[in-house]
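The block underneath contains the structure these notes are about, expressed in structure tokens.
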């Protein structure tokens with residue numbers, strides 16, 4: 001699946017969840033898109049479809065391509081611990097996701113763009129790879145000459161303090177530290193990762 005650039009409300013309605021953030025269209029039309037979305041009779045969905053839909057939802061949520069997702073799952077499987085939790089931890093450790101979690105951007109797609117446009121540093125070095133995996137102790141910062149970028153200052157101004165316990169944020173310096181991989185209970189996304197594990201184990 002290529003990076004999705006189409007109508008976000010359509011995808012949110014498909015999964016009946018605000019995947020890309022608060023969505024007024026989803027609130028008004030909490031049923032699938034399409035001509036027969038509201039009146040369509042839904043039979044029992046197959047196990048495979050349910051599992052596939054969950055994987056697609058996660059890919060849309062984190063903005064990950066199919067090959068990237070497959071590679072992440074392999075890494076998660078090779079690590080000690082619960083594969084599903086490992087997968088979510090690796091997704092949370094992506095640089096673009098961390099930029100979003102820190103509040104430097106209000107959306108993951110916006111965070112991805114900031115990273116790609118070289119506005120973000122990791123441990124003092126510019127990193128322009130959104131999928132870059134952070135390690136415990138890594139310091140993520142807004143590049144000095146980018147601190148006046150309106151999109152960044154506006155987003156940071158509306159940031160909630162200490163929202164995630166695996167991150168540490170310094171609002172004055174516009175720097176954040178990735179303290180550790182989050183435990184499963186701390187990750188707020190509505191994801192049934194066990195369904196994805198079942199899908200890949202077929």
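The values are calculated or read from the model by the stated rules, or taken from the named source; none is laboratory data. Source: prediction; values computed, not measured. Note: ideal-geometry Cβ built from the backbone for every residue, glycine included; neighbour counts use all protein chains shown.
In summary, residue 61 fulfils each of the numbered conditions (1) within 17 Å of the chain's Cα centre (by Cα); (2) in a helix (DSSP H, G or I); (3) modelled with pLDDT of 95 or more; (4) crowded, with 18+ Cβ neighbours inside 10 Å with the single exception of condition (3). Name the residues in region 179-190 that are out of contact with any helix residue (DSSP H, G or I) (no Cβ under 6 Å at 6 or more places or on another chain) and modelled with pLDDT of 95 or more, would you? Matches in region 179-190: 179, 180, 183, 185, 186. As a summary of the residue check, residue 169 satisfies the conditions (1) under 18 Å from the mean Cα position of the chain (by Cα); (2) touching a residue at least 40 places away in the same chain (Cβ under 8 Å); (3) in the same structural domain as residue 119 (by TED's automatic domain parsing) except for the one numbered (1).
Kindly indicate which of 152, 129 is surrounded by 12 or more Cβ atoms within 10 Å (Cβ to Cβ) and in a loop (DSSP other than H, G, I, E, B).
Values: 152 fails: in a loop (DSSP other than H, G, I, E, B).
Testing whether each residue is surrounded by 12 or more Cβ atoms within 10 Å (Cβ to Cβ) and in a loop (DSSP other than H, G, I, E, B) leaves just 129.
Exactly one residue out of 111, 141 is at pLDDT 95 or above, part of a strand (DSSP E or B) and in contact with a strand residue (DSSP E or B) (Cβ under 9 Å, 6 or more places away or on another chain): that is 141. Listed by first and then second residue, the pairs with beta-carbon distance under 6 Å, at least 6 apart or on different chains, first residue in region 175-189 and touching a residue at least 60 places away in the same chain (Cβ under 8 Å), second in a loop (DSSP other than H, G, I, E, B), are 178/134; 182/166.
The selection criterion, being at negative phi and surrounded by 15 or more Cβ atoms within 10 Å (Cβ to Cβ), does not hold for residue 147.
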